[in-house]
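Structure, as structure tokens:
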């Protein structure tokens with residue numbers, strides 16, 4: 001049996017995530033990594049390679065409605081390392097971990113979908129709209 005909650009509860013959860021992303025004076029970041037996804041609350045390890053660092057808007061959220069968090073537009077970033085992305089970490093303005101999600105290409109079922117599995121150093125990544133929701 002699957003446990004389901006109301007959109008009101010989901011919205012409160014996403015509001016908490018947004019509050020944490022916005023908690024510091026500076027804006028938070030979305031960090032695109034390769035390698036194994038670390039344990040909850042754990043920073044990237046030497047087994048992870050930072051592919052790109054995206055500055056989030058302040059506030060980070062564009063909307064929270066119907067149990068869905070839509071982040072405000074995310075500016076493009078330069079590719080720092082050529083590697084296959086596996087997850088994104090979200091940190092506040094001080095660099096403290098807030099959340100992470102898996103990444104992948106269309107049809108992968110990943111939370112953050114990209115049009116390619118890897119990119120070339122020096123290239124520019126332009127993120128699409130990022131919406132986060134609870135599994136159906």
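Considering only 25, 77, 88, the Gaussian network model of the chain with Cα springs below 10 Å gives its largest mean-square fluctuation to 25.
Highest mean first, the peptides 107-113, 51-57, 11-17, 80-86 sorted by other C-beta atoms within 10 Å per residue fall in the order 51-57, 80-86, 11-17, 107-113. Nearest 10 degrees, 0 to 90: what angle lies between the long axis of helix 7-21 and the longest principal axis of the chain (Cα atoms)? So the inclination is approximately 40 degrees. Highest GNM mean-square fluctuation among 126, 46, 91, for the chain modelled with Cα contacts below 10 Å: 46. Shape class of the range 79-133 from the Cα gyration tensor (axes a ≥ b ≥ c, square roots of the eigenvalues): oblate, since a/c reaches 1.5 or more and a/b does not exceed b/c.
No value in this document is a laboratory result; all are computed from the given coordinates. Treat the numbers as computed from the prediction; the structure is a model and nothing was measured. So basically every Cβ, Gly included, is an ideal-geometry build from the backbone, and we count neighbours across all protein chains shown.
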